[in-house]
Amino acid sequence: MARTALCVRPATVDDLPALLAFSDELRDQLIVPAEGGRARTVTLASRAESMEHRYREALTDPDRHLVV
């Protein structure tokens, strides 16, 4: 059985486009709960901005490591 080479490394800010692409795939499944038990509508742009902010924050914090 052939093995595939795998390289694991910490993500960097340069990986942000790929991380956001992963988020795009997951975004369709995202349900944002609101008060009263109903899901609220969130625009795609606001979710994308939120994800970019969260990834950028994780990538630039020297005390955190993001492995995808």
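Read the figures in this text as sums done on the coordinates, not as results from a lab. It should be emphasised that the depicted structure is a prediction, and the values quoted were computed from it without experimental measurement. Neighbour counts are summed over all protein chains in view; Cβ atoms, including those assigned to glycine, are modelled from backbone coordinates with ideal geometry.
Using a Förster distance of 25 Å, how high is the FRET efficiency between T60 and A2, based on the Cβ-Cβ distance and rounded to 0.05?
Taking R0 as 25 Å, the efficiency between T60 and A2 is 0.10.
Calculate, in nm to one decimal, what E52 and V67 gain on full extension: separation in residues at 0.36 nm each, minus their alpha carbon distance.
Result for the pair: 3.8 nm of gain on full extension.
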